[in-house]
Amino acid sequence: MGVNIMSEMNEAEKYMIEQIRQGDSDTWTQMVNRYNGRLLAFAQNSLPQRADAEDIVQEAFIGFLKGLDNFRGQASLETYLFTILRRKIIDSYRSRASRITCLIQDVYKSSAQEQTTDVFGKIADSKPTASWYVSRDEQYELHRESLEKALRELVRGMKESFKFRDLEIIELLFYSQVPNKDVAKILEITEKNIAVKKHRVIKQVKEKINPKEYNADPLSPAFESMLSEIWESQRLSCPKRSTIGAYLLETLDEDWYNYVNFHLNTLGCHFCRANLEDLRQQQEESKQQTTFRQRIMESTVGFLKKS
Ligand SMILES: [Zn+2]
């Protein structure tokens, strides 16, 4: 099995964007058809009225076109669309918590979490915000890039060597920003073990980026917060849509199945759950169509002229 992780924009997506930039309406139709189901499923988490959810998805697509000139392919197309959509939902729902990345965050609220800046908002709005890092210089962007690369490699390595338990730990720590003691509770591991793993991962990442060039203290809360920021904005550990499809069809190996199940149902990643819901609906529709076609065939075949 290949490495089932989300990645940055691929060539097909780049081509698609280029066509849309040139005003190609067929490509735009294709894109809307491809993504509207999963976006709608995501929106319905927060806006249970279908009409409201549809409106906000529509606004997100408009927002995408309006901001097209600013889009630099810093995340996959799907992640970018979710980002815009989430921004719109937050705008329409000021009173709600600003982080709606995964279900587990609804349960484990931490003060660290509340201090986190809204990464998604930052990507969607090209306007600069007053966060702690926006004012940094180009050098910072370079560090961020190498850190992102190091994290991506780390996740890939864990998946390739089936270290899913470790991956679950760091997903809870960095993606969901659950405090150590709660990670220990969820996974039934001692808090000390969690702390050791966390320290090791941070050290490993630190070794991968060039320490000479990196002037921030790699064990500082700022560094940790940067790890979380990258993890979330890149959805570093999110399984691919095709993997979620295989999960639904129960064709994944046991290890993968359990991990994807964790990501969807324990962690409760809202982005991946939206994909799951969309795939489930597609499967249901195709089942209905097949049944309908069979009914037509069975009821009409006797009337076919024998030649
Ligand atoms: Zn996910």
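The values are calculated or read from the model by the stated rules, or taken from the named source; none is laboratory data. Note that the structure is a prediction, hence the values are computed from the model and not measured. Cβ placement follows ideal geometry from the backbone for every residue including glycine, while neighbour counts extend to all protein chains displayed.
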Leu147 being crowded, with 18+ Cβ neighbours inside 10 Å, under 16 Å from Val201 (Cβ atoms) and modelled with pLDDT of 90 or more: no
Filtered residues of segment 247-304 (kept if away from the ligand (no atom under 12 Å from the Cβ) and of a type in the set (Lys, Arg)): Arg280, Lys287, Arg293, Arg295
Selection count where residues are of a type in the set (S, T, N, Q) and assigned to a helix (DSSP H, G or I), scope segment 155-209: 3
Pick from segment 36-56, criterion in contact with a Leu (Cβ under 7 Å, 6 or more places away or on another chain) and modelled with pLDDT under 95, ranking: nearest to Gly268 (Cα to Cα): Phe42
Qualifying position, being farther than 16 Å from Asp278 by Cα, surrounded by 15 or more Cβ atoms within 10 Å (Cβ to Cβ) and out of contact with any Gly (no Cβ under 7 Å at 6 or more places or on another chain), among Ala12, Ala41, Ala60: Ala60
Ser225 hydroxyl-bearing (Ser, Thr, Tyr), part of a helix (DSSP H, G or I) and more than 16 Å from the ligand (Cβ to nearest atom): yes
Single residue of Ser161, Ser131 found to be modelled with pLDDT of 80 or more and of a type in the set (S, T, N, Q): Ser161
Long-range neighbours under 7 Å by Cβ, at least six apart or interchain, first residue over 18 Å from Phe162 (Cβ atoms) within segment 235-261, second β-branched (Val, Ile, Thr): Arg235/Thr79; Ile244/Val260
Scan of segment 235-246 for residues that are in contact with a helix residue (DSSP H, G or I) (Cβ under 6 Å, 6 or more places away or on another chain) and more than 9 Å from the ligand (Cβ to nearest atom), ordered by number: Leu236, Arg241, Gly245
